[in-house]
1. Using the count of nearby Cβ atoms within 10 Å as a rough guide to exposure, how do 162, 196, 108 rank from fewest to most?
2. Placing unit charges on C-beta atoms (Lys and Arg positive, Asp and Glu negative, everything else neutral), compute the dipole magnitude of the stretch 101-185 about its Cα centre in debye, rounded to 20.
3. Using a Förster distance of 51 angstrom, determine the FRET efficiency expected from the C-beta separation of residue 91 and residue 227, and round it to 0.05.
4. How would you rank 194, 23, going from fewest to most other Cβ atoms within 10 Å of each one's own Cβ?
5. If each residue's Cβ is checked for other Cβ atoms within 10 Å, how do 205, 155 rank with the fewest at the top?
6. Could you pull out every one of the lysines with an alpha carbon less than 25 Å from that of residue 92, ignoring same-chain neighbours closer than 8 positions?
7. Taking 0.36 nm per residue of sequence separation and subtracting the Cα-Cα distance, how much length would be gained by fully extending the chain between residue 45 and residue 122, in nm to one decimal?
Amino acid sequence: MTDEAPLPARPGRAPATGRIAAFFDLDKTIIATSSSQAFSKPFIAGGLISRADVLRSAYAHFLFLVGNADEDQTERMRAHLSSLAKGWDVRKVREIVAETVHEHIDPYVYAEAVELIEDHHALGQDVVIVSASGAELVEPIAAALGADHVLATRMEVVDDHYTGEIDFYNYGENKAAGIRDLAAREGYDLAGSFAYSDSITDAPMLGAVGHAFVVNPDRNLRRLAAESGWGELRFTRPVALRPRVEPIPVAAVVGGIAVAVAAYFVIRHLRRRRARRQG
């Protein structure tokens, strides 16, 4: 864990009047990589995503990388990416994940995040993983981490195939809405609860609790954190997950995969173009 003490309430905060929860973003907060990016190559190799699909998604995803996507572009990207999963056989997806999940997910959790989860549990507080990736991917990772609940994107499945429809897209404001709904069901006192994320798109999630912390923030997120009175943490030590917890069970992966594939090819293209210029 960092030298900072994230758990004590900040001065001026009222004491908790109900149950307390800690809400953790997954990618780049608990895991030092994208949970879905790890599966981009296997999904291409398995024929679920084509290179043409990736190229059609690349510009939209680039807007997200540089923070220039407006609400309409966000919706168009969401609709396009969800359509990529239409018709996927859940069993085939499960087989691909079974062959790659331990290799690509197990080793990359931040030690600091795991220790924070353990600290919250030691204080009798629930831990909730909140992710824009599909529930079928997030739930087994959350179970391995010992989380109590999961809030994630839910894809529609009919006859063991993905329809291409999204029942709930757990992104942006929807993360905050999901947190408030869960708090109402579980009796959490959000003013006394905690949230952790690396992404400025999770500002609604961070703003939904009384004790918010940004993890490895970039300049814009650090500025927002300072303006909002949020704490800052540095996670630097990825460690193997398996020695600390039980192995992750095999499950299907949906939601966020197409985004990750687009990111992979955009970054690779930029690196190749830079190399040509330097050569």
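1. Details: 162 24, 196 28, 108 17.
Lowest to highest Cβ neighbour count: 108, 162, 196.
2. Numbers: 4 positive and 17 negative charges, 68 e Å.
Charge dipole of the stretch 101-185: 320 debye, to the nearest 20.
3. Details: r = 48 Å, r/R0 = 0.94.
Rounded to the nearest 0.05, the efficiency is 0.60.
4. Values: 194 25, 23 30.
Sorted ascending by nearby Cβ count, the order is 194, 23.
5. Numbers: 205 28, 155 24.
If I rank by nearby Cβ atoms, fewest first, I get 155, 205.
6. 41
7. Numbers: separation 77, 0.36 × 77 = 27.72 nm, distance 4.29 nm.
Value of the extension gain: 23.4 nm.
Read the figures in this text as sums done on the coordinates, not as results from a lab. Being a predicted model, the structure only gives us computed values, none of them experimental. Using ideal geometry, Cβ is built from the backbone for each residue, glycine included, and neighbour counts are taken over all protein chains shown.
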